[in-house]
1. Amide H to amide H, which residues 5 or more places from Gln19 or on other chains are under 5 Å from it, using H placed in the peptide plane?
2. If you stretched the chain out fully between Ile102 and Glu23, how much longer would it get, using 0.36 nm times the residue separation minus the C-alpha to C-alpha distance?
3. Quick one, can you get me the convex hull of the C-alpha atoms of the range 1-85 expressed as volume per residue in Å³?
4. Taking the Cα centroid of the range 4-75 and of the range 83-143, what is the distance between the two, rounded to the nearest whole Å?
5. Across the range 17-29, in residue order, what do the Karplus-derived ³J(HN,Hα) couplings come to in whole Hz, using 6.51 cos²θ - 1.76 cosθ + 1.60 with θ = phi - 60° and x for Gly and Pro?
6. If I model a spin label at Gln42 and Asp92 as a point 7 Å from the Cα along the Cα→Cβ vector, what separation in nanometres do I get?
7. Exposure proxy check: Arg67, Arg45, Arg129 ranked by fewest other beta carbons within 10 Å?
8. If R0 is 35 Å, what FRET efficiency do you get for Trp133 and Phe14 from their C-beta distance, rounded to 0.05?
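Just so you know, all these numbers are worked out from the coordinates, no wet-lab data involved. These figures come from a predicted structure and were not determined experimentally. Cβ placement follows ideal geometry from the backbone for every residue including glycine, while neighbour counts extend to all protein chains displayed.
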Amino acid sequence: MTGEELLASLNKAFGEKIQNKTEFRGETAFTISASDLREIAQFCRDELSFDYLIDITSIDNFGEEPRFEIVYHLYSMPHGAHLRLKLRIPEDVGAVDTVSDIWPTANWHEREIYDMMGIKFNGHPDLRRILMWDGYPYFPLRKEFPLEGLPSEMPDVAFTKITQMEGGPFVTRPGTATSKDREPRARPPEL
């Protein structure tokens, strides 16, 4: 089955549930409702052999409604076909069903989206922060989050004083050598 036949099968099976179809550089994206995600994802994996979840990304369309968009990047190894499933999530809903039981790699992707954007995943087995510490009250990838960050009540755990960088193991030395030769791993150890 070719990639075009796979996508035609998906369109035939869920034609009324597909809100929009876009193609760009040979890759196809279907916009679907969040309520149809699990059914369509299961069909994509089981019937169309989209056995590899490459990534899940999230977009903050601040000022628009629905505000958030989640994009599932799928790949079929047997057929060599790419597919994107896009969901639009209103800010007041802020949750979508997990697909971590369909593609186990979704576990960490969903945790990162929760941590950085604040979008929750219903039914996730371990939905907790993955990059920020527990109790951090903000979501750093939202567009209203200031670039300089926000003050925190968390004490300075990692950096209690200014750290000297000169002579450190991962700092290159200035000189006339090329970047490759100045790379710390390329330098012979000093005796």
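1. The answer is Thr31, Ile32, Ser33.
2. 25.9 nm
3. Taking the convex hull of the Cα positions in the range 1-85, it is 94 Å³ per residue.
4. That distance is 17 Å.
5. Values per residue, Gly and Pro as x: 9, 8, 7, 7, 10, 10, 10, 8, 6, x, 10, 10, 10 Hz.
6. Between Gln42 and Asp92, the label points sit 3.0 nm apart.
7. The fewest-first ordering by Cβ neighbours comes to Arg129, Arg45, Arg67.
8. Working: r = 40 Å, r/R0 = 1.16.
It comes to 0.30.
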